[in-house]
Every structure is written in structure tokens, then in C-alpha cells.
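Enquirer: This is the structure I have questions about; it appears just below.
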Amino acid sequence: MPAVSPLTHSLAISLLQSRFTSSSSSSNMDSSTLLYNQLKEAQPFFVLAGPNVIESEEHILRMAKQLKAVTSKLGLPLVFKSSFDKANRTSSKSFRGPGLAEGLKILEKVKTTYDLPIVTDVHESDQCEAVGRVADIIQIPAFLCRQTDLLVAAAKTGKIVNIKKGQFCAPSVMTNSAEKVRLAGNQNVMVCERGTMFGYNDLIVDPRNFEWMREANCPVVADVTHALQQPAGKKLEGGGVASGGLRELIPCIARTAVAVGVDGLFMEVHDDPLNAPVDGPTQWPLRHFEELLEELMAIARVTKGKKQYKIDLTPFRE
């Protein structure tokens with residue numbers, strides 16, 4: 001048998017790895033497309049919900065069980081959300097979560113235990129591959145929505161990519177962000193409105209954005225909890241600041257969003273929001289989750305928000 005040169009051996013290994021990666025990416029894309037189509041066709045909307053950050057395995061499993069029970073009862077598709085790391089905190093001393101490795105183990109347990117798709121966020125391009133092995137939707141944080149390398153890395157996993165609109169961006173920017181994902185070979189993209197900066201410590205939700213973001217030609221999601229955040233707007237005893245929020249207005253923004261006809265709702269939900277270590281002021285209480293969704297479903301059923309109004313400008317004659 002002729003000897004195989006190290007170079008030939010290396011090329012063979014590279015070719016096999018390439019074929020495996022291509023096959024794996026294709027498989028991911030097929031399953032992602034199936035989920036993507038199911039979410040697009042959801043009536044009256046789908047839900048991305050869960051506690052802001054992973055606090056413990058026990059807490060996450062308990063929350064997943066409760067949220068699935070509610071959404072299954074109401075007939076709403078649920079994608080469970082929680083973050084393994086909150087990199088964008090007001091203070092370096094703030095709780096961030098368990099980290100990538102431990103966080104993904106916990107999310108994978110949620111996925112297998114309760115048969116739920118998972119959405120979680122990434123902050124760096126090199127996190128995407130590992131996250132893509134567990135998450136069904138990779139979420140791009142609002143402040144990173146224009147980061148081309150991050151968008152491309154997320155796209156190449158073959159998983160659905162949910163891009164939050166930057167607080168500093170016009171809605172038209174989202175068309176370009178979505179296109180970056182598509183040009184990387186992934187058609188399964190969604191865009192999410194989460195408010196626009198209004199002064200230093202406040203956000204405003206402009207309902208017109210829900211309409212204008214449809215120009216990205218993909219599902220539009222409304223983040224009805226982060227949109228009421230007040231970044232670094234809460235003064236702490238002894239000095240320093242933290243993010244505040246207007247939890248009492250979550251129903252207001254959610255009602256507006258479904259009336260306009262969004263495809264999905266993003267909600268951070270907690271069983272004890274006053275003691276939540278991250279974004280407590282903008283997490284919706286679990287005890288009111290079903291009640292709010294029932295109301296929103298009723299609004300969504302009577303609105304024609306998903307259909308563009310045909311305005312007749314010809315002269316009116318009785």
C-alpha cells in the first residue's frame with residue numbers, strides 16, 4: 001500500500017470535516033425552517049418567554065413547566081427564553097448568569113424535559129457555534145444589531161436568528177440587518193422591536209415601527225418587557241445606579257403590539273420579580289401571565305392589523 005503523505009491525509013480530514021459541517025448545517029436549516037414556518041403561521045401570535053437570566057437549574061425547569069402549561073392551555077406556540085450570560089449590565093458587580101457551558105447544559109435539559117424550542121442570546125461570534133447546538137433561535141441583542149460578523153456567525157449555524165432593533169436605530173436599519181443574515185445563506189430571520197432611546201434613561205415604543213419593520217420581509221416580534229426598561233435610571237442607596245422599569249405599562253405596550261398585528265410577543269416572565277437578580281422592574285409576574293395572554297388573544301382576533309389597509313382616495317359620492 002503506498003504511503004499517504006501528511007498533506008494528503010490533512011486534505012482528506014479537512015474534506016470529511018467540511019462534509020460533516022455542511023451536512024450538520026443543512027440538517028439544522030431543515031429543522032429550523034420547519035419551526036420558522038410554524039411560527040410564521042401561528043395564530044394569533046407566538047410567544048418567546050421566560051426569566052431574563054438563568055438563576056439556577058431548578059428555577060429554570062420550574063418556570064419552563066409553568067409557562068408551557070399556560071401556553072399549551074391557550075394553544076399558543078412557546079419558545080422558552082433565558083440568557084446564560086448578561087454581558088450588558090450597568091455595573092460590573094451585577095449578576096450575569098452561569099456562563100456559556102453551564103447555561104447551555106441547563107437550557108438543553110429544559111429542551112429535552114419539556115420538549116420546548118429554546119431562544120437565547122449571544123454577544124460574540126465565537127459563541128454562536130456552541131449556542132447553535134442547543135438553541136433553536138439565536139437572538140442578537142439590540143446594541144449589537146449592526147455587528148456584521150456576529151450576524152453572519154449566527155446565520156451560519158442554520159438556526160433561526162432573531163435580531164432586536166437597536167435603541168439607537170431607525171426601523172429601516174432592520175432591513176439591512178436581516179439581509180446580512182440572508183446573504184450568509186440563512187432565510188430564517190426575525191426582527192424585534194424593543195423601544196427607542198428618549199433621553200438618557202427612558203425608552204419609547206413607536207407603534208409605527210411595527211409597520212415599518214415589515215419592510216424587512218420577515219416576522220416582526222414585539223419585546224413588551226425590555227421596551228419599558230429605564231437604562232441606568234434607578235439610583236441606589238449609597239450611590240450608583242441600576243436599570244429601572246415601568247412594569248405597570250407592559251399590558252399597554254402588549255395591547256398596542258397585538259392590535260397593530262405583530263407576529264410574535266417577547267416577554268420576560270418571573271415568579272418573584274421583586275427578587276429577580278436581573279431586570280426585575282421589567283419582568284412580568286408569572287401569576288398574571290395567563291390572564292394577560294387571554295386578553296391579548298382576544299384583541300388579536302378582532303384586529304385586522306396584519307392586513308394592510310386598502311385606502312381608496314377616489315372622490316366619495318353618496
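The values are calculated or read from the model by the stated rules, or taken from the named source; none is laboratory data. Keep in mind the model is a prediction, meaning the values are calculated, not measured. Here Cβ is always computed from backbone atoms with ideal geometry, including for glycine, and neighbour counts include all displayed protein chains. Quick note on the areas: whole protein, heavy atoms, side chains included, nothing else; ligands and nucleic acids left out. Shrake-Rupley method; radii C 1.70, N 1.55, O 1.52, S 1.80 Å.
For every residue, the table says whether it meets (1) modelled with pLDDT under 95; (2) closer than 17 Å to residue 281 by Cβ; (3) open to solvent by 40 Å² or more (accessible area, probe 1.4 Å).
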| position | (1), (2), (3) |
| --- | --- |
| 174 | no, no, no |
| 199 | yes, no, yes |
| 202 | yes, yes, yes |
| 214 | no, no, yes |
| 251 | no, yes, no |
| 257 | no, no, no |
| 266 | no, yes, no |
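Enquirer: Looking only at segment 129-139, which residues are farther than 19 Å from residue 53 by Cβ and open to solvent by less than 10 Å² (accessible area, probe 1.4 Å)?
Expert: 132
Enquirer: Also: Which condition from (1) surrounded by 20 or more Cβ atoms within 10 Å (Cβ to Cβ); (2) modelled with pLDDT under 95; (3) part of a helix (DSSP H, G or I) is the one that residue 67 breaks?
Expert: (2)
Enquirer: May I pose another question? Looking only at segment 134-175, how many residues end up being more than 13 Å from the chain's Cα centre (by Cα), part of a loop (DSSP other than H, G, I, E, B) and under 24 Å from residue 116 (Cα atoms)?
Expert: Looking only at that region, the number is 3.
Enquirer: So which of 122, 161, 152, 79 ends up being closer than 25 Å to residue 180 by Cα, open to solvent by 10 Å² or more (accessible area, probe 1.4 Å), aliphatic (A, V, I, L, M) and at pLDDT 95 or above? Reasoning before the result, please.
Expert: Details: 122 fails: open to solvent by 10 Å² or more (accessible area, probe 1.4 Å); 161 fails: open to solvent by 10 Å² or more (accessible area, probe 1.4 Å); 79 fails: open to solvent by 10 Å² or more (accessible area, probe 1.4 Å).
Checking each option against the conditions leaves just 152.
Enquirer: Here's a check for you: in segment 37-64, which residue that is assigned to a loop (DSSP other than H, G, I, E, B) and in contact with an Asp or Glu (Cβ under 9 Å, 6 or more places away or on another chain) is farthest from residue 290 (Cα to Cα)?
Expert: 54
Enquirer: Sort through 178, 222 and tell me the only one that's surrounded by 18 or more Cβ atoms within 10 Å (Cβ to Cβ), modelled with pLDDT of 95 or more and not in a helix (DSSP H, G or I).
Expert: Selected residue: 222, the only one of 178, 222 that is surrounded by 18 or more Cβ atoms within 10 Å (Cβ to Cβ), modelled with pLDDT of 95 or more and not in a helix (DSSP H, G or I).
Enquirer: Consider only pairs whose beta carbons are under 6 Å apart and that are at least six residues apart or on different chains; among these, list those whose first residue lies in segment 152-173 and is on the phi > 0 side of the Ramachandran plot and whose second residue is open to solvent by 10 Å² or more (accessible area, probe 1.4 Å).
Expert: 158/25; 158/28; 158/29
Enquirer: Please tell me if residue 97 is at pLDDT 95 or above, open to solvent by less than 30 Å² (accessible area, probe 1.4 Å) and at positive phi.
Expert: no
Enquirer: A follow-up question, please. Has segment 278-290 got at least one residue that is among the charged types (D, E, K, R), modelled with pLDDT of 90 or more, open to solvent by 40 Å² or more (accessible area, probe 1.4 Å) and part of a helix (DSSP H, G or I)?
Expert: First, pick out the residues of segment 278-290 that are among the charged types (D, E, K, R): 279, 287, 290.
Narrowing further to those that are modelled with pLDDT of 90 or more: 287, 290.
Going one step further and asking which of them are open to solvent by 40 Å² or more (accessible area, probe 1.4 Å), we end up with 287, 290.
Those still in the list that are part of a helix (DSSP H, G or I) too: 287, 290.
Yes, that holds for at least one residue.
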